[in-house]
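*Asks:* Could you have a look at this structure, given as structure tokens, before my questions?
Just so it is clear, none of the values below were taken in a lab; they were calculated from the coordinates. Nothing here was measured: the structure is a model prediction, and the numbers come from that model. A quick note on method: Cβ atoms are made from the backbone with ideal geometry, for glycine too, and the neighbour counts reach across all protein chains shown.
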Amino acid sequence: MRSEPIKHSSFDSIYRHEYTVVEERHGDVSLFPHTDQLPVISRAINLEFYGGLPSSIARVNHRGDGFHKIVLKQSVDSFCFMVNGTRADRLRLYGLPDNDLVFKVAVVQQITEQTQRGLHHRFRLYSGDRFFSDIQLCGKNVVFTDHVLQRFSARASDPTINDTYMLLRHLYGAAIISMTVGPGPALIVPDGSSLIAFPYEETDTEYILTTCLTVNEIHTLEFDLPPRVMHFHYGPGYIPPRIHTWIPTDLVLAHHKAWTRKEPRTEMPPLPRKPLTWNWLACHARDYTIKRGYGPGASLCFFDYLPGPFVAETKPGVPLPRVDELFIYKKIHPEYDWDTAFAERDAKITRPKLSTV
């Protein structure tokens, strides 16, 4: 039984005054915010978010075109990152797409369990009146040890932005490949021009992330061909997709290059001392989306066409990417049995590693 005081903080919202967000406890498990408070919190946050949006963006739904969905995504990202990135009430927000690629502002509920191996953390996301489908990694639940959160905060996080948001952004918002770091596997994710490694242990039902390493702390790096691609996705029933929206081998080579050169991470500019107002950001989301090249006619799809937290955006006039990496391997090196290699990768059967040391 945990003995420290129950976590609580005053809700930072103009739509709900004098409201205290509290922690929920069940034996060795704590949840923050309290599950019963999530509808109230989400409603107040949505009033603030949608109240600042232009009506053409606020009413985007499953019938909306790709351009307006991308503008809504940009708006959600700006709201969670810039406006609520340093909330005083310790609430954490994150933007997620529903199954129709319509982005929502979600409240992050952190579930912490006291185990014999220390604190273990999980995250659920709530929007409107319900939780999003569980976000799994290749069909299994994801557990973060307390060491991951501490090391990410110390080694990889931007000190001006809350750590939980940035941790989820690194994992949920990037292409991920499993490579061998030291004696075991690790999730490798981009970190600007550099990379971050999350070593993990795999059980029948879970991936347990054990620590966080920057490029200077990765002393050996090995990978498979074809690469072992990892996906965060909604719900159970994972089947490794054969068609990609990217080329995994290119990312493996980029990671290897960054590791060899010990590329430093690209530092993010600090948040302004005087936070930008939400009304100002919301009114400029459309123009900023067009400036990035995703004007009318742009489209988006789920990353690797697998419903989950990560999406791929496509500029106007460019078809949605469909990459069959097996076909590419067969075409470039027809002398190898790639059908067997891909089948073994998808079945997670161990095979010799290609050392890059």
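*Asks:* Provide SER193, SER9 in ascending order of the number of other Cβ atoms located within 10 Å of each residue's Cβ, fewest first.
*Replies:* Arranged by neighbour count, lowest to highest, SER193, SER9 become SER193, SER9.
*Asks:* GluC sites (Glu not before Pro) within the range 1-77: which are DSSP loop residues with at most 16 other Cβ atoms inside 10 Å?
*Replies:* GLU18
*Asks:* Further, regarding this structure: Rounded to whole Hz and in sequence order, give me ³J(HN,Hα) for the range 136-149 from the Karplus expression 6.51 cos²θ - 1.76 cosθ + 1.60, θ = phi - 60°, writing x for Gly and Pro.
*Replies:* 10, 10, 6, x, 10, 6, 10, 10, 10, 6, 4, 5, 4, 4
*Asks:* Under 27 Å between alpha carbons: how many lysine pairs meet that in the chain, if sequence neighbours fewer than 8 apart on the same chain are excluded?
*Replies:* So the count works out to 26.
*Asks:* Counting other Cβ atoms within 10 Å of each Cβ, which trypsin sites (Lys or Arg not before Pro) in the range 48-107 have at most 13 and sit in a DSSP loop?
*Replies:* Passing both the DSSP loop test and the Cβ count: ARG59, ARG63.
*Asks:* For the pair HIS62 and ASP250, how long in nm is the line joining their label points, each one 7 Å along Cα→Cβ?
*Replies:* A separation of 3.3 nm, rounded to one decimal place.
*Asks:* Now for a different question. Count neighbours as other Cβ atoms within 10 Å of each site's Cβ, and list the chymotrypsin sites (Phe, Trp or Tyr not before Pro) in the range 19-63 that are DSSP loop with at most 16 such neighbours.
*Replies:* Loop-located and lightly packed - TYR19.
*Asks:* For the chain, find the longest principal axis of its Cα atoms and tell me its angle to the long axis of helix 278-291, 0 to 90°, nearest 10.
*Replies:* Computed tilt is about 30 degrees.
*Asks:* Still on this structure, please answer the following. As I understand it, the value is the acute angle between the Cα axis of helix 38-52 and the longest principal axis of the Cα atoms of the chain; what does it come to in degrees, rounded to 10?
*Replies:* 90 degrees
*Asks:* Okay, next question. So if I restrict to the alpha-carbon atoms in the chain, what is the Rg, and what is Dmax, the biggest pairwise distance, in Å?
*Replies:* 20.9, 70
*Asks:* Run the quick spin-label model on TYR19 and ALA154: label points 7 Å from Cα toward the beta carbon, then report their separation in nm to one decimal.
*Replies:* 3.7 nm
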